[in-house]
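Undergrad: Got a structure here, written out as structure tokens. Questions coming.
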Amino acid sequence: MTASPPPTTAEELRGAGLRVTAARVALLETVRAGDHLGVEAIASGVRNRVGHISLQAVYEALHALTAAGLVRRIEPAGHPARYEGRVGDNHHHIVCRSCGAVADVDCAVGDAPCLTASDDRGFAIDEAEVVYWGVCPDCSTGRSS
């Protein structure tokens with residue numbers, strides 16, 4: 001039996017109840033091809049694919065894609081929002097204090113161990129956000145990113 005091919009970006013948008021537009025397809029593909037991109041970098045990537053798009057349209061599309069669970073927004077303290085295509089798991093991030101580089105960090109042990117709070121206070125916990133802070137290898141050796 002042959003495995004079915006993965007859904008196209010357009011099929012994922014439809015499956016999430018979103019209207020399929022060239023800009024949304026380009027935006028989702030840009031986020032997934034990038035590495036914790038900021039809004040300006042995403043807008044530039046979308047413009048390279050489809051031509052002009054306003055920054056407001058990028059913000060609106062990011063909001064819709066985030067609400068639909070197709071992209072994830074992270075906002076480390078003191079830094080602008082970044083977006084990533086890795087969704088559906090409970091991974092964390094490490095941020096460089098010097099240059100602001102962001103990288104994914106998987107949970108340390110087992111399946112999302114940090115979802116077990118010492119006292120959940122009656123909450124139904126479904127996500128935990130951990131941000132590790134440090135200095136990236138490029139900054140610690142004096143190289144620029």
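The values are calculated or read from the model by the stated rules, or taken from the named source; none is laboratory data. Treat the numbers as computed from the prediction; the structure is a model and nothing was measured. Cβ sites come from the backbone with ideal geometry, for glycine too, and all protein chains shown count toward neighbours. Remember, those area values only see protein heavy atoms, side chains included, never the ligands or the DNA or RNA. Shrake-Rupley method; radii C 1.70, N 1.55, O 1.52, S 1.80 Å.
Table: residues versus (1) touching a Lys or Arg at 6+ places or on another chain (Cβ under 7 Å); (2) under 22 Å from residue 125 (Cα atoms).
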| residue | (1), (2) |
| --- | --- |
| 33 | no, no |
| 43 | no, no |
| 50 | no, no |
| 80 | no, no |
| 92 | no, yes |
| 97 | no, no |
| 102 | yes, no |
| 105 | no, yes |
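Undergrad: Only strands (runs of 3 or more DSSP E) wholly contained in the range 1-120 count here; list those with 3 or more residues that are open to solvent by less than 50 Å² (accessible area, probe 1.4 Å) and closer than 18 Å to residue 133 by Cα.
TA: Fully inside the range 1-120 and qualifying: 92-96, 102-105.
Undergrad: Shifting gears a bit: Considering the range 98-145 alone, what residues qualify as being among the basic types (Lys, Arg) and modelled with pLDDT of 75 or more?
TA: 121, the sole residue that qualifies.
Undergrad: A further question on this structure: Would you check which residues across the range 2-52 are on the phi > 0 side of the Ramachandran plot and free of Cβ contacts under 8 Å to residues at least 60 places away in the same chain and list them?
TA: Within the range 2-52, 17, 51 meet the criteria.
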